[in-house]
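The values are calculated or read from the model by the stated rules, or taken from the named source; none is laboratory data. All of these numbers come straight from a predicted model, not from anything done at the bench. Every residue, glycine among them, receives a Cβ derived from its backbone with ideal geometry; neighbour counts consider all protein chains shown. For accessibility, only protein heavy atoms count, side chains too; no ligands or nucleic acids. Shrake-Rupley method; radii C 1.70, N 1.55, O 1.52, S 1.80 Å.
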Amino acid sequence: MIKETVSSGTTKASESARLQIGERSYELPILIGSEGERGIDITNLRTESSHIALDPGYGNTGSCLSTITFIDGERGILRYRGIPIEELAEHSNFVEVAYLLIFGRLPSKRESAEMTDEIASCELLHEDMKFHFEGFPATSHPMAILSSMINAAGCFQRELLEPYNPATFRILASRLLSQVRTIAAFTYRKSRGLPIIYPNPIYKYTANFLHMMFSMPHRDWEMHPEVVKALDLILLLHADHEQNCSTATVRMVASSRANLFASVAAGVCALWGPLHGGANQAVLEMLNEIHVAGDNGLGFIKEVKNGKRRLMGFGHRVYKNHDPRAKIIKRQCDELLNVLKKSDPLLDIAKRLEEIALSDSYFIDRKLYPNVDFYSGIIMRAIGIPLEMFTVIFAIGRMPGWIANYKEIASDQCARIARPRQIYIGPKLNHFIPRSERLEQEITDSASCSA
Ligand code: ACO
């Protein structure tokens, strides 16, 4: 029963919903979250009525109760454990926010220092993992390598393959947070034929990643504090976003009692798609294409309105007013380019597209605003991070959210395996035809939007 697993802050409404099917009516309880969000509890709907709720894309389906992140898409609100993203962006840093998301509150000074030490102590990969990097062709997409290597880590450290155990979880979480950077940087070095640079504990989390990416054996990369700050902010802003595609994937895999590393590796694959984390790469490709074509933006927008293209970095399933992360990133983008004394024609194009879109009824009517990916790529480009690494940066950032969501479901004794149902629309009972009697036919794609 959902009521028994309800966490503090969730109440049952005094009124309930009534569903009428033919002659029979069903009473469905209404649950209210701590911020007033309301959900109709259909846990027993199929047992009682033999009907299921159909919601392709899950736009109206709550898959869990969660205490981690709150979003109000209509008002453009995002809070981690109750704290507004704007406050965290201004006063906190990525590692502290990781602690907040995973353990439920901001760390004390001692806890912060402990976490920093733990992350530093696990930053090296098993030396033999280096040979696995060798096996990938230089042209591999880093997201494929990232997902494979996170999974491969379990082959080198058997304890990573264990299901959730509160006694070891903390150190495994730190190891994952730490090693994802090392894997990501090694992937980049390998793709460029550059020697691997090991992590150096003198650097903090984000600076150490930049060191592994850009230093040379004979010369450390010049660490510009503004660059470290901008990348740390990008990681922080991506740290969690409730039940998005990749986090829902992590939870789905974790619900089968798969281990932390396997669950997160699946999240990396889900994030890769251009409609999700892959959008930051797609945005830059789009801006570049407009730049090369010498378009002033209007031509591209026309194609978008004709349904030929999508304005990448625009629109969001949840935000229907503005994405608060996009505002913060846009400001950071201007600041960084200023400090580095760089100008970027792609930034000018992005701003022009935003201006055109925000005054065009196509976008206004559909409530399409810039999302987190619209400006983040321009910051990464200014830092010198190559395009194919953009989604990897997103994955490093999203790691705390995946870990927190893994913990929430894996530690819930009442959680059931996630197993949606479907409405079958295929052929009715059919019989086997012997091979000699079968006709030659084309395979046609039966998928359509009509369902
Ligand atoms: N450009 C043009 N039109 C768009 C866009 C866009 N970026 N996004 C949505 N629309 C239109 C759709 O064509 C549709 O129009 P219609 O009603 O005339 O058919 C309407 O707006 C609703 O769009 P949906 O696709 O139903 O919205 P959904 O909630 O399913 O998709 C998504 C959200 C995937 C983010 C979508 O807005 C999109 O593809 N955006 C571009 C990719 C992107 O930036 N993704 C990153 C999202 S943030 C993140 O994952 C970190």
(request) Mind grabbing the accessible area of residue 309 for me, 1.4 Å probe, Å², rounded to tens? (result) 80
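Please say if segment 274-371 is rounded, prolate or oblate, where rounded means a/c under 1.5 for a ≥ b ≥ c the square roots of the C-alpha gyration tensor eigenvalues, and otherwise the choice is prolate for a/b larger than b/c and oblate otherwise?
Numbers: a/c = 1.66, a/b = 1.19, b/c = 1.39.
It is oblate, given that a/c is not under 1.5 and a/b is not larger than b/c.
Can you give the charge dipole size of segment 329-418 about its Cα centre, rounded to the nearest 20 debye, using +1 on the beta carbon of Lys and Arg and -1 on the beta carbon of Asp and Glu?
Its charge dipole is roughly 160 debye.
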(request) Counting only C-alpha contacts under 8 Å and six or more residues apart, can you give the relative contact order of segment 26-65 as a whole percent? (result) 26
(message) Multiplying the sequence separation of residue 124 and residue 339 by 0.36 nm and subtracting their Cα-Cα distance, what value in nm do you get?
(response) 74.1 nm
(request) Any chance you could check the Cα centroid distance between segment 144-161 and segment 164-210 for me, in angstrom? (result) 13
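Only Lys, Arg, Asp and Glu count, each charged at its Cβ (+1, +1, -1, -1), so figure out the dipole size of the chain about its Cα centre, rounded to 20 debye.
Working: 51 positive and 52 negative charges, 78 e Å.
With only Lys, Arg, Asp and Glu charged at Cβ, the dipole is about 380 debye.
Can you list the trypsin sites (Lys or Arg not before Pro) in segment 37-103 that are in a DSSP coil and have 13 or fewer other beta carbons within 10 angstrom?
Numbers: sites: 38, 46, 75, 79, 81; in loops: 75, 81.
Hits after loop and neighbour filter: 75.
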(request) Pick out, from 153, 58, 385, the residue whose Cα sits farthest towards the positive end of the charge dipole of the chain, with +1 on the Cβ of Lys and Arg and -1 on the Cβ of Asp and Glu. (result) 58
(message) Give me log10 I(q)/I(0) at q = 0.09, 0.10, 0.11, 0.15 Å⁻¹ for segment 128-264, Debye formula, one equal scatterer per alpha-carbon, no solvent.
(response) -0.31, -0.38, -0.46, -0.86
(request) Report the full-extension gain for the segment residue 367 to residue 318: residue separation times 0.36 nm, less the Cα-Cα distance, to one decimal in nm. (result) 16.6 nm
(request) Check each of the trypsin sites (Lys or Arg not before Pro) in segment 348-451 and keep only those in coil by DSSP with at most 13 other C-beta atoms within 10 angstrom; list them in order. (result) 366, 416, 421, 428, 438
(request) Just the number, please: carbon plus sulfur as a percent of the accessible area of segment 276-412, 1.4 Å probe, no ligands or DNA/RNA counted. (result) 47
(request) Could you check how much of the accessible area of segment 84-199 is carbon and sulfur, as a whole percent, using a 1.4 Å probe? (result) 55
(message) With only alpha-carbon pairs counted, each pair once and no self-pairs, how large is the Kirkwood hydrodynamic radius of the chain in angstroms?
(response) 24.0
(message) To make sure I understand the rule: partners must be aspartates and glutamates, Cα under 13 Å from the Cα of residue 341, and not fewer than 8 residues away in the same chain. Which ones qualify?
(response) 226
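For residue 255, what is the net charge nearby, where nearby means another residue's Cβ is under 14 Å from its Cβ and Lys, Arg count +1, Asp, Glu -1? Show your work: numbers first, answer last.
Working: positive: 251, 257, 407, 416, 419; negative: 408, 412.
So the surrounding residues net to +3.
Given the convex hull of the Cα atoms of segment 28-100, what is a quarter of its surface area in nm²? Intermediate results must be reported in sequence, preceding the final value.
On the way: hull surface 26.0 nm².
Seen from a random direction, the Cα hull of segment 28-100 projects 6.5 nm² on average.
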(message) What is the ratio of the Cα radius of gyration of segment 4-158 to 2.2 N^0.38 Å, with N the residue count, to two decimals?
(response) 1.52
(message) Sorted from largest to smallest, which semi-axis lengths in Å does the alpha carbon gyration tensor of segment 225-267 give for its equivalent ellipsoid, taking the root of 5 times each eigenvalue?
(response) 28, 11, 6
(request) Could you do me a favour and compute the accessible area per residue for segment 332-451, 1.4 Å probe, result in Å²? (result) 62
(message) Give me the dipole magnitude in Debye, nearest 20, for segment 294-342 about the Cα centre, with unit charges on the beta carbon: positive for Lys and Arg, negative for Asp and Glu.
(response) 180
(message) If you average the alpha carbon positions of segment 92-113 and of segment 233-281, how far apart do those two centres end up, in angstrom?
(response) 21
(request) Could you pull out every one of the lysines with an alpha carbon less than 22 Å from that of residue 204, ignoring same-chain neighbours closer than 8 positions? (result) 109, 229
(message) Could you compute the net charge surrounding residue 28? Neighbours are other residues with a C-beta less than 11 Å from the C-beta of residue 28; K and R count +1, D and E count -1.
(response) -3
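Over every pair of different alpha-carbon atoms in segment 186-323, take the mean of 1/r and invert it; report that Kirkwood radius in Å. Mind showing how you got there, number by number?
Working: mean 1/r = 0.0546 Å⁻¹.
Computed over Cα pairs of segment 186-323, the Kirkwood hydrodynamic radius comes out at 18.3 Å.
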